[in-house]
Amino acid sequence: MKSAYVETLVPLVGPAMNVPFVRKLELNLSGRYDGYNDFGSTTNPKFALNWQINDNLKVRGNVARSFVAPPMSTVGSNGQGTGTTAARSSVSGSFRYPSPAIRRHSRFRHAPRR
């Protein structure tokens with residue numbers, strides 16, 4: 001597996017600028033690349049904005065795409081694997097990639113912070 005990550009924080013407004021209702025405004029851009037040996041690669045960007053209104057109130061929001069690999073128990077020729085978890089473990093099934101169980105996740109999150 002190969003991975004790379006890059007991130008930058010860009011200040012847009014600072015306290016010295018004396019902008020009303022904006023103590024700080026920052027843009028955060030980042031991205032991650034993962035290359036898997038068995039089922040390809042994925043690139044996942046993230047865009048975030050940090051808005052500090054005053055010393056006691058900060059609003060943050062971001063939009064990101066992420067990748068979640070499925071557990072091996074769900075990957076197989078019919079989307080189901082088999083296994084046991086006793087004193088000894090075994091896994092059987094016909095595994096194929098890319099599996100329909102492998103998918104991207106996108107979400108929007110708004111999280112006010114103090």
Original post:
If you scan segment 20-31, which residues turn out to be among the hydrophobic types (A, V, I, L, M, F, W, C), surrounded by fewer than 15 Cβ atoms within 10 Å (Cβ to Cβ), under 15 Å from LYS58 (Cα atoms) and out of contact with any Leu (no Cβ under 7 Å at 6 or more places or on another chain)?
Top reply: PHE21
Original post:
Among the residues of segment 47-69, which ones are surrounded by fewer than 16 Cβ atoms within 10 Å (Cβ to Cβ) and more than 30 Å from MET1 (Cβ to Cβ)?
Top reply: LEU49, ILE53, ASN54, ASP55, ASN56, LEU57, VAL59, GLY61
Original post:
Quick one: would you say ALA48 is closer than 25 Å to ARG60 by Cα and not in a strand (DSSP E or B)?
Top reply: no
**OP:** Output the residues belonging to segment 23-46 that are out of contact with any Phe, Trp or Tyr (no Cβ under 7 Å at 6 or more places or on another chain) and more than 19 Å from SER3 (Cα to Cα).
**Re:** ARG23, LYS24, GLU26, LEU27, ASN28
**OP:** Output yes when any residue across segment 2-21 is in contact with a Pro (Cβ under 6 Å, 6 or more places away or on another chain) and either assigned to a strand (DSSP E or B) or at pLDDT below 95 (or both), and no when none is.
**Re:** no
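The values are calculated or read from the model by the stated rules, or taken from the named source; none is laboratory data. Predicted model, so just to flag it, every value in this text is computed and none were measured. Here the Cβ is made from the backbone with ideal geometry for all residues, glycine too, and neighbour counts use every protein chain on show.
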